[in-house]
1. Looking only at the chain, where both bridge partners belong to it, what percent of the DSSP beta bridges are antiparallel (to the nearest 5)?
2. Between Tyr206 and Gln189, what length in nm is gained on full extension when 0.36 nm per residue of separation is reduced by their alpha carbon distance?
3. Provide the gained length on full extension for the span Ala33 to Leu49, in nm with one decimal, where the gain is 0.36 nm per separating residue minus the Cα-Cα distance.
4. Using R₀ = 41 Å, calculate the FRET efficiency as 1/(1 + (r/R₀)^6) where r is the Cβ-Cβ separation of Glu164 and Glu214; round to 0.05.
5. In percent, what relative contact order does the chain have, based on Cα pairs under 8 Å that are 6 or more apart in sequence?
6. Against the longest alpha carbon principal axis of the chain, how many degrees, from 0 to 90 and to the nearest 10, is the axis of helix 2-29 turned?
7. Putting +1 on Lys and Arg Cβ atoms and -1 on Asp and Glu Cβ atoms, find which of Asn123, Leu106, Gly215 reaches farthest to the positive end of the dipole of the chain.
8. Specify which residue in the list Leu46, Ala154, Asn196 is farthest towards the positive end of the charge dipole of the chain, using unit charges on the beta carbon of Lys, Arg (+1) and Asp, Glu (-1), about the Cα centre.
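What follows is calculated from the coordinates using simple rules that are stated; it is not laboratory data. Everything numeric in this text was worked out from a predicted model, so none of it was measured. No Cβ is skipped: glycine too gets one built from the backbone with ideal geometry, and neighbour counts run over all protein chains shown.
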Amino acid sequence: MKPLILITVAIFILVSAIVVLDHSQNNKSGDVALASHPPIENQPTLGDLDAPVSVVEFGDYKCPACREWNESIFPLLKKDFIDTGKIRFSYINVLFHGDESFLGSLAGEAIWKQDQEAFWAFNKALYQEQPPRQSHDDFWITVEKIMEVAQNSAPNIDLALLEEDIINMTYQDAVLLDDQLVDQFKVNQTPSIIINGTMVENPFDYDKIKELIEGGLGN
Ligand code: CA
């Protein structure tokens, strides 16, 4: 048995070393400096609007990784950098999942027009309504679901107006603007995180996110 265990341990160490090596190589070359930073005028933005670093999330309400990012990374970002006034954080809609993404986005834009704080509560709550990862392609974003989520997460908004805005697609132009930005900034996965014009290769690498923000703060 003993040699077998030794061989197993040796293989494990070798594989770990390769993974670590591969990871460090990715970190060196993976983040992409873009020609410019996405314009955040008319986008929901949290934090000090004069903060020197702008962080943009491109997110899709139907995307399981976005939900995971919002639950794992966003709270860290909020505590370390948004609440402390170091960054501005903006959310831009992505429509990779079609009609349902569009509907969620329309609702988000309408709520933001009514009450900017309510938008963030709704955004978080809608992500929480996602079915489990294995069934995320199931049809779930409906007007009824949105109204239920809005009523629970943002009870102070005018719900009748929200329903009207969704049905009349009042803020369609805002959603289409976001879609144009997705094209313009070549967003091809969600969530995509851009920090002062740099697209983060791995949005779940919080150390890397911190490093880019600190760099932008001149630290
Ligand atoms: Ca928008």
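1. Working: 11 of 18 bridges.
Rounded to the nearest five, the antiparallel share is 60 percent.
2. Working: separation 17, 0.36 × 17 = 6.12 nm, distance 1.75 nm.
Roughly 4.4 nm would be gained on extension.
3. 3.5 nm
4. Values: r = 45 Å, r/R0 = 1.09.
Calculated transfer efficiency: 0.35.
5. On the way: 272 pairs, mean separation 67.2, N = 219.
So the answer I get is 31 percent.
6. 50 degrees
7. Gly215
8. Asn196
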